[in-house]
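Trainee: I'd like to ask some things about the structure below.
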Amino acid sequence: MKAALLVVDCLNDFLDLKGALNCGAAGRDAIPAVAREIAQARAEGMDVLYACDAHRPDDAEFELFPPHCLMGSWGAEIVPELRPQDGDRIIAKRRFSAFYGTDLDLTLRERGVDTLRIAGVCTNICVLYTTADARMRGYDVRIPVDAVASFDPTAHHFALGQLRDVLKASLEGTGE
């Protein structure tokens, strides 16, 4: 087994209280757990990858959600507490899944990765859809429950159930 950590959308627009689509206290509360996951991955020599929303001003996603994470903007920057280090990989994405329209799968396969640890936000949107695409591609997926969050507690818990029961992702830690 070769694992990598995928940090999903830990960006100012989601995790800073001034962000366009901030996840509120739940998002802020997940930051230390995501930082712990990053530190542990680095200590174990795992690849650390960041999947980051990077939208164009005319992005079709803005028909569903208000504008957020515009390419090159403050909102699209990774929060200071979780900044990448040399050797980490940033995957820009424009849709919910970090696999859709990106080179994430190719990058993981080139590195021999077969297991993904996924941390970040939002549990019921980008974490869920990235996990679904990872499972469709044959990756084992592990979710540290304290390192994922959403702006909607009900949707967060529903998504954890879907991750566990439908996608057969391993939920690790407390809560589920």
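The values are calculated or read from the model by the stated rules, or taken from the named source; none is laboratory data. Note that the structure is predicted; figures quoted are calculated from it, not measured. Glycine also receives a Cβ, built like all others from the backbone with ideal geometry; neighbour counts cover every protein chain displayed.
Trainee: Taking the options Ala35, Ala51, name whichever one is surrounded by fewer than 21 Cβ atoms within 10 Å (Cβ to Cβ), at negative phi and either within 17 Å of the chain's Cα centre (by Cα) or charged (D, E, K, R) (or both).
Mentor: Ala35 is the lone residue from the list that is surrounded by fewer than 21 Cβ atoms within 10 Å (Cβ to Cβ), at negative phi and either within 17 Å of the chain's Cα centre (by Cα) or charged (D, E, K, R) (or both).
Trainee: Contact list please: Cβ distance under 7 Å, first residue in the stretch 20-33 and farther than 12 Å from Phe151 by Cβ, second residue surrounded by fewer than 17 Cβ atoms within 10 Å (Cβ to Cβ), pairs at least six apart or on different chains.
Mentor: Note: pairs meeting the criteria are Ile31/Glu81.
Trainee: Within the stretch 156-165, work out how many residues are under 16 Å from Ala30 (Cα atoms) and either of a type in the set (Lys, Arg) or over 16 Å from the mean Cα position of the chain (by Cα) (or both).
Mentor: Matching residues across the stretch 156-165 total 1.
Trainee: Take the stretch 1-16 and flag every residue that is modelled with pLDDT of 95 or more and over 12 Å from Leu82 (Cβ atoms).
Mentor: Scanning the stretch 1-16 gives Lys2, Ala3, Ala4, Leu6, Asp13.
Trainee: Among Arg56, Arg95, which is the only one that is surrounded by fewer than 20 Cβ atoms within 10 Å (Cβ to Cβ) and under 27 Å from Arg137 (Cα atoms)?
Mentor: Arg95
Trainee: In this structure, is Ser150 under 21 Å from Ala35 (Cβ atoms) and of a type in the set (S, T, N, Q)?
Mentor: yes
Trainee: Restricting attention to the stretch 43-65, does a residue exist that is in contact (Cβ under 8 Å) with a residue 40 or more places away in the chain, under 18 Å from Glu172 (Cβ atoms), touching a strand residue (DSSP E or B) at 6+ places or on another chain (Cβ under 6 Å) and in a strand (DSSP E or B)?
Mentor: Within the stretch 43-65, one or more residues are in contact (Cβ under 8 Å) with a residue 40 or more places away in the chain, under 18 Å from Glu172 (Cβ atoms), touching a strand residue (DSSP E or B) at 6+ places or on another chain (Cβ under 6 Å) and in a strand (DSSP E or B).
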